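The values are calculated or read from the model by the stated rules, or taken from the named source; none is laboratory data. Predicted model only: the values in this text are computed from it and were never measured. Note that we place each Cβ from the backbone using ideal geometry, even for glycine, and neighbour counts take in every protein chain shown. Protein only, heavy atoms only, side chains kept; ligands, DNA and RNA dropped before computing areas. Shrake-Rupley method; radii C 1.70, N 1.55, O 1.52, S 1.80 Å.
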Amino acid sequence: MKQLTVLTAAAVVALGAAGAGSSPADAQEQFVVIGTGGVTGVYYPTGGAIQRLVNAGRADHGVRVSVESTGGSVFNVNAIRNGELDMGVVQSDVQFNALNGLVQFDGQGAFDDLRAVFSVHGEPFTVIARADAGVASFEDLVGKRVNVGNPGSGQRATMEVLMEAYGWTFDDFAQVSELASNEQSQALCDNNFDVMVFTVGHPNGSIQEATTSCETVIVPVEGDIVSELIDANPFYAYSTIPGGMYAGNPDDVTTFGPKATFVTSTALSEEAVYTIVSSVFENFDDFKRLHPAYSTLTPEAMANDALSAPLHDGASRYFEESGLLAQ
Ligand code: GLU
């Protein structure tokens, strides 16, 4: 740490934050904190994948990413809005609602400074019931003990949209709990409730835990009400959870869901966002290999699909340079 003596006081502070092994170049570093989700979901490893790719080049570009496990989409958007996070992974439905001040953001007004960076994997709304609960369809949730997700999570947001569409309130369930994604699988198998929900890419650790620890059924979510929701909302689509992906669930299951998207605000510099986007897209094959939920990703879809907020200047600069934007 001898080199510290030649630096200014401000640089010493920056070095302290950067930790051991820092070099004088770190004084120029820009720190970017990314909010993700629970550790057994896909957001958390997605943040980790981005962190790894960006930080590998940090001696050259000076951007250093760190990742936080959080309560999920709605938490992430709110934390970006109030400056606690620089970027976050959020569901495309939550991105749309935050941008326009709708549903869970009603009362906060439109988040005009929200910016899209790119989209990632699809997130089927996943309903897992204990096999002994007698739940074969989403309609069967009435009268059951349901874990509706923690406030701040995307699954809670999607669940509330569905409940509204079905005309249900929490009183329609025998019991309501609000455990986060990393706690609910164990609690389901401990028989603390009959059903858990998770809007999440597949495969993931949470659903693997539930389906291997006890007998479960992955419940389809389809029918007229769901079709109407999809028709009215471009950020939703029908999707399939493949049969055989999880223990005890050999058949394909139809459900619907949003996509995971990566967002920030106008507060983050064009240079930082450009660096992050190029670190991911210039190493696309490495990125794709980092999680099995990314198996169908393409650079074109990531640059164009499911993004309702305007692109951040740093992202549009990279996409224009690389010809990725749809005409
Ligand atoms: N879609 C969930 C949310 O918005 C998180 C999914 C995950 O952790 O992969 O909260």
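Listing for the model above:
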{"item": "Sole exception among (1) free of Cβ contacts under 8 Å to residues at least 40 places away in the same chain; (2) away from the ligand (no atom under 14 Å from the Cβ); (3) under 22 Å from the mean Cα position of the chain (by Cα); (4) within 23 Å of P151 (Cβ to Cβ) for G167, by number", "result": "(3)"}
{"item": "Close pairs from the range 68-83: first open to solvent by less than 30 Å² (accessible area, probe 1.4 Å), partner away from the ligand (no atom under 12 Å from the Cβ) and assigned to a loop (DSSP other than H, G, I, E, B), Cβ under 6 Å, at least 6 apart", "result": "A79/L85"}
{"item": "Filter result for the condition that a residue is in contact (Cβ under 8 Å) with a residue 40 or more places away in the chain and more than 17 Å from P220 (Cβ to Cβ), over F96, F125, F173", "result": "F96"}
{"item": "Positions within the range 288-326 being touching a residue at least 40 places away in the same chain (Cβ under 8 Å) and at positive phi, in sequence order", "result": "A306"}
{"item": "Residues of the range 134-154 satisfying the condition of being under 23 Å from the mean Cα position of the chain (by Cα) and either among the small types (G, A, S) or open to solvent by 10 Å² or more (accessible area, probe 1.4 Å) (or both)", "result": "G149, N150, P151, G152, S153, G154"}
{"item": "Condition broken by I34, with the remaining ones in (1) assigned to a strand (DSSP E or B); (2) within 16 Å of the ligand (Cβ to nearest atom); (3) surrounded by fewer than 17 Cβ atoms within 10 Å (Cβ to Cβ) satisfied", "result": "(3)"}
{"item": "Residue list for the range 170-185, restricted to those being assigned to a loop (DSSP other than H, G, I, E, B) and within 16 Å of the ligand (Cβ to nearest atom)", "result": "E178, L179, A180"}
{"item": "Filter result for Q104 (within 12 Å of the ligand (Cβ to nearest atom), part of a helix (DSSP H, G or I), polar (S, T, N, Q) and open to solvent by 10 Å² or more (accessible area, probe 1.4 Å))", "result": "yes"}
{"item": "Test for R115: is it of a type in the set (D, E, K, R), buried (at least 21 other Cβ atoms within 10 Å of the Cβ), more than 13 Å from the ligand (Cβ to nearest atom) and within 30 Å of A49 (Cβ to Cβ)", "result": "yes"}
{"item": "Within the range 108-159, tally of residues that are among the acidic types (D, E) and either touching a helix residue (DSSP H, G or I) at 6+ places or on another chain (Cβ under 6 Å) or part of a loop (DSSP other than H, G, I, E, B) (or both)", "result": "3"}
{"item": "Filter pass, V120 being within 10 Å of the ligand (Cβ to nearest atom) and buried (at least 21 other Cβ atoms within 10 Å of the Cβ)", "result": "yes"}
